[in-house]
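**Student:** Structure provided below as structure tokens; questions to follow.
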Amino acid sequence: MGSTDAVLWAYVALAFVGLLALLASPWPRWAKALLLAGVTGLYFFAAAALDGVWGWPSRDRLPERFVLLAAVIEEPGKATPGALYVLVNALEQGKPVRQPRAFRLAYSKDLHALLDEGMKKARQGISQLGTAEPKAGPRGVSWLRPGSEEQVVKIRDMPVPQLPEK
């Protein structure tokens, strides 16, 4: 059983206990209504939190330093605003982390061109190093809109490792 299945069954058990409390308890109506609202709200919170776990691209910010592995461009059209999907391997202390992560970025022509050029070089065997920094300017209540903070993304050729002299 995977971790997402365990979370699903835990929520089913919680909902069952809540249903028993609603039907069989002598609690006042306001307490039952509060329990019902809490369990319902927990469902939507858990669904949003698990969205990134189930393999969908994250809307979180890109890591500060990363290796670009792949990019898929969804150009904007009449029915869709477009998106940029990237698979990156974050760099921590100069070394790649164990597992790559997929991210969904808002579409922009400049970033489209940058990713396109980076993928061309990656296909030629030139590894691409990326950096992402928060865009300067006024900040709002971004915690209400995850992934809404804009970043300045730069991609360049990864430096060639220097071997020690013999």
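**Student:** On the basis of being modelled with pLDDT of 90 or more and either in a strand (DSSP E or B) or on the phi < 0 side of the Ramachandran plot (or both), does Leu87 make the cut?
**Tutor:** Numbers: modelled with pLDDT of 90 or more: yes; either in a strand (DSSP E or B) or on the phi < 0 side of the Ramachandran plot (or both): yes.
Yes.
**Student:** Something else now. Output the residue which, of all residues in the stretch 32-60 that are surrounded by 13 or more Cβ atoms within 10 Å (Cβ to Cβ) and hydrophobic (A, V, I, L, M, F, W, C), is nearest to Arg104 (Cα to Cα).
**Tutor:** By that ranking, first place goes to Leu50.
**Student:** Can you pull out the residues in the stretch 61-82 that are surrounded by 13 or more Cβ atoms within 10 Å (Cβ to Cβ) and of a type in the set (Lys, Arg)? Full working, then the answer.
**Tutor:** Our first condition is that a residue be surrounded by 13 or more Cβ atoms within 10 Å (Cβ to Cβ); within the stretch 61-82, this holds for 61-74, 76, 82.
Scanning the stretch 61-82 gives Arg61, Arg65.
**Student:** Which numbered condition in (1) within 30 Å of Arg123 (Cβ to Cβ); (2) under 16 Å from the mean Cα position of the chain (by Cα); (3) not small (Gly, Ala, Ser) is the only one that Glu75 fails?
**Tutor:** Only one criterion in (1) within 30 Å of Arg123 (Cβ to Cβ); (2) under 16 Å from the mean Cα position of the chain (by Cα); (3) not small (Gly, Ala, Ser) is unmet by Glu75, namely (2).
**Student:** Tally the residues that are within 16 Å of Arg59 (Cα to Cα) and buried (at least 16 other Cβ atoms within 10 Å of the Cβ), restricting the search to the stretch 112-136.
**Tutor:** Residues in the stretch 112-136 being within 16 Å of Arg59 (Cα to Cα) and buried (at least 16 other Cβ atoms within 10 Å of the Cβ): 1 in total.
Residue-by-condition table, conditions (1) more than 11 Å from the chain's Cα centre (by Cα); (2) within 22 Å of Arg123 (Cβ to Cβ); (3) outside the structural domain of Leu8 (by TED's automatic domain parsing):
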position	(1), (2), (3)
Ala33	yes, no, no
Phe45	yes, no, no
Gly55	no, no, yes
Thr80	yes, no, yes
Val88	yes, yes, yes
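**Student:** In the stretch 149-166, which residues are closer than 24 Å to Arg59 by Cα, in contact with a Lys or Arg (Cβ under 8 Å, 6 or more places away or on another chain) and either modelled with pLDDT under 80 or not polar (S, T, N, Q) (or both)? I'd like the intermediate steps shown before the answer.
**Tutor:** First pass over the stretch 149-166, keeping only residues closer than 24 Å to Arg59 by Cα: 149-156.
From the residues that got through so far, the ones that are in contact with a Lys or Arg (Cβ under 8 Å, 6 or more places away or on another chain) too are 149-152.
Scanning the stretch 149-166 gives Glu149, Glu150, Val152.
**Student:** For the list (1) of a type outside the set (Val, Ile, Thr); (2) on the phi > 0 side of the Ramachandran plot; (3) at pLDDT 80 or above, I need the number of the one condition that Pro63 fails.
**Tutor:** Condition not satisfied by Pro63: (2).
**Student:** Here is a check on your reading of the model: is Tyr85 surrounded by 14 or more Cβ atoms within 10 Å (Cβ to Cβ), more than 30 Å from Met158 (Cβ to Cβ) and hydroxyl-bearing (Ser, Thr, Tyr)? Spell out the reasoning first.
**Tutor:** On the way: surrounded by 14 or more Cβ atoms within 10 Å (Cβ to Cβ): yes; more than 30 Å from Met158 (Cβ to Cβ): no; hydroxyl-bearing (Ser, Thr, Tyr): yes.
It is false that Tyr85 is surrounded by 14 or more Cβ atoms within 10 Å (Cβ to Cβ), more than 30 Å from Met158 (Cβ to Cβ) and hydroxyl-bearing (Ser, Thr, Tyr).
The values are calculated or read from the model by the stated rules, or taken from the named source; none is laboratory data. The structure presented is a predicted model; accordingly, all values stated were derived computationally and were not measured. With ideal geometry, Cβ positions are generated from the backbone for all residues, glycine too; neighbour counts draw on all protein chains shown.
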